[in-house]
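Chemist: Questions regarding the structure given below will be posed in turn.
The values are calculated or read from the model by the stated rules, or taken from the named source; none is laboratory data. If you're wondering where the values come from, they're calculated on a predicted model, not measured in any experiment. Heads up, the Cβs are rebuilt from the backbone with ideal geometry, glycines too, and the neighbour counts pull from every protein chain shown.
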Amino acid sequence: MNTFLTTYPEIAAEYIKQGGIVAFPTETVYGLGANVFDETAVAKLFEAKRRPPDNPLIAHIAQIEQIKELTSAVNPAGQAFVRSFFPGPLSLVLPKSPRVPLIATAGLSTIGIRMPESKLAHEFLSACGVPVVAPSANLSGRPSPTTWRAVLEDLEGRIDCILQGDETEIGLESTVVDCSDDVPVLLRQGAISLEELRSVVPETKSFECTDVEAPRSPGQKHVHYKPKAEVVIVGLLNAGGGFKPDSAYIGVGEKGVAEGFLYSKVCGSVEEYAHSLYEFLRECDRKGIRTIYCQEVAEDGIGAAVMDRLRRAAA
Ligand code: TXA
Ligand code: MG
């Protein structure tokens, strides 16, 4: 198929209404969308990104009222999170409504729901008129796309349309919290930190996945976020430090530290590190770099999400 490029959200939404699959920007990463109630479109989406069928999808909404179309019940913790963080980079796992086809939830009785904040995502989702399931718009196992060009690189000819927006602001995927039980459980780190979640619901737990066969969040067991190059996590660089030739470096700090690398990026803050990481990994692959040194950061705020993605990329 030909992949149509457009900057108009209403045109991109037409493809969704006709059963197509469309990549669109959000404030976290680009997503690959399909009408949640259209089983054929959802099947096409799994096929296009070669996603394992046991990995469930997040449904994206434009209005708070659309939550009712997707879930049978929102408990008090879920309601508190909706009030505090919707729209924004948070996905809530809630009991699914019978209307939601099992293919979208990979057979689970729960569904992930998120209301993006970015203006273009909101305009697109409003024009679609239905909730839109959207995993990140990359081929399975590749770093999530933060630019429309990265989407094109992975999915050209495999999807109907790309809604072209700016580079995404946050650069890492949303925080995922399971609210299907009384006590909320953090399943995936993101821009909204555990500390922020606990400031709203103090009992919120962090899920440590020990059983690979029965992970609470199915996405956690699959290979994720991997560039072709080897990723090595390092502490602060010390001058002349025995690094492999043809290597790259990304970290936070003083500009001088990254001399001698073939390609490098020194960020001014952890937020900038999060924002730049996936595109940096992709650019390293384009340049044929074999080893990428990534600086370790403190695990507070979005630093926890950066370290989570680095460990997966390095695994
Ligand atoms: O920021 C984001 O969340 C982006 C943008 C496009 O919104 N989307 C995204 O989707 O990252 P994806 O499919 O790449 O990641 C969804 C994660 C996976 O780890 C999946 O296992 C988990 O959410 N998930 C989805 N539904 C779930 C459910 N019902 N129960 C537990 N985990 C769920
Ligand atoms: Mg993904």
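Chemist: From the list 54, 38, pick out the single residue that is away from ligand 2 (no atom under 13 Å from the Cβ) and touching a helix residue (DSSP H, G or I) at 6+ places or on another chain (Cβ under 8 Å).
Modeler: Step by step, each of 54, 38 is checked, and only 54 is away from ligand 2 (no atom under 13 Å from the Cβ) and touching a helix residue (DSSP H, G or I) at 6+ places or on another chain (Cβ under 8 Å).
Chemist: Okay, moving on. Please list, ordered by first then second residue, the pairs with beta carbon atoms under 8 Å, 6 or more apart or interchain, first in the range 184-196 and surrounded by fewer than 21 Cβ atoms within 10 Å (Cβ to Cβ), second at pLDDT 95 or above and of a type in the set (Lys, Arg).
Modeler: Note: pairs meeting the criteria are 185/205.
Listed here are the residues, each with its yes/no results for (1) surrounded by 24 or more Cβ atoms within 10 Å (Cβ to Cβ); (2) part of a loop (DSSP other than H, G, I, E, B).
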site: 120; (1), (2): no, no
site: 126; (1), (2): no, no
site: 130; (1), (2): no, yes
site: 151; (1), (2): yes, no
site: 166; (1), (2): no, yes
site: 180; (1), (2): no, yes
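Chemist: Among the listed residues 62, 23, 13, identify the single one that is more than 12 Å from residue 161 (Cα to Cα) and aliphatic (A, V, I, L, M). Walk me through how you get there before you give the answer.
Modeler: Details: 23 fails: more than 12 Å from residue 161 (Cα to Cα); 13 fails: more than 12 Å from residue 161 (Cα to Cα).
Answer to the check: 62.
Chemist: Can you say whether residue 95 is in a strand (DSSP E or B), out of contact with any helix residue (DSSP H, G or I) (no Cβ under 8 Å at 6 or more places or on another chain) and either within 13 Å of ligand 2 (Cβ to nearest atom) or not polar (S, T, N, Q) (or both), as far as the supplied structure shows?
Modeler: Values: in a strand (DSSP E or B): yes; out of contact with any helix residue (DSSP H, G or I) (no Cβ under 8 Å at 6 or more places or on another chain): yes; either within 13 Å of ligand 2 (Cβ to nearest atom) or not polar (S, T, N, Q) (or both): yes.
Considered against the rule, which asks whether it is in a strand (DSSP E or B), out of contact with any helix residue (DSSP H, G or I) (no Cβ under 8 Å at 6 or more places or on another chain) and either within 13 Å of ligand 2 (Cβ to nearest atom) or not polar (S, T, N, Q) (or both), residue 95 comes out as yes.
Chemist: Return the residue satisfying two criteria in turn: it lies in the range 132-149 and is assigned to a loop (DSSP other than H, G, I, E, B) and small (Gly, Ala, Ser), and of such residues it is nearest to residue 88 (Cα to Cα).
Modeler: So the residue we want is 134.
Chemist: Right, next: So if I check each of 88, 19, 112, which one is closer than 17 Å to residue 135 by Cα and not in a loop (DSSP other than H, G, I, E, B)?
Modeler: Going through 88, 19, 112 in turn, just one is closer than 17 Å to residue 135 by Cα and not in a loop (DSSP other than H, G, I, E, B): 112.
Chemist: If you don't mind, there's one more thing I want to ask. Report, by residue number, each residue of the range 125-175 that is within 16 Å of ligand 2 (Cβ to nearest atom), charged (D, E, K, R) and within 19 Å of residue 6 (Cα to Cα).
Modeler: Listed by number, the residues that qualify are 153, 154, 158.
Chemist: Could you check the range 274-294 and list, in sequence order, the residues that are touching a residue at least 60 places away in the same chain (Cβ under 8 Å), buried (at least 17 other Cβ atoms within 10 Å of the Cβ) and out of contact with any helix residue (DSSP H, G or I) (no Cβ under 8 Å at 6 or more places or on another chain)?
Modeler: 275, 276, 289, 291, 293
For (1) modelled with pLDDT of 85 or more; (2) in a helix (DSSP H, G or I); (3) in contact with a helix residue (DSSP H, G or I) (Cβ under 9 Å, 6 or more places away or on another chain); (4) aliphatic (A, V, I, L, M), each residue gets a yes or a no:
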{"residue": "209", "(1), (2), (3), (4)": "no, no, yes, no"}
{"residue": "212", "(1), (2), (3), (4)": "no, no, yes, yes"}
{"residue": "216", "(1), (2), (3), (4)": "no, no, no, no"}
{"residue": "224", "(1), (2), (3), (4)": "no, no, yes, no"}
{"residue": "237", "(1), (2), (3), (4)": "no, no, yes, yes"}
{"residue": "251", "(1), (2), (3), (4)": "yes, no, yes, no"}
{"residue": "256", "(1), (2), (3), (4)": "no, yes, no, no"}
{"residue": "272", "(1), (2), (3), (4)": "yes, yes, no, no"}
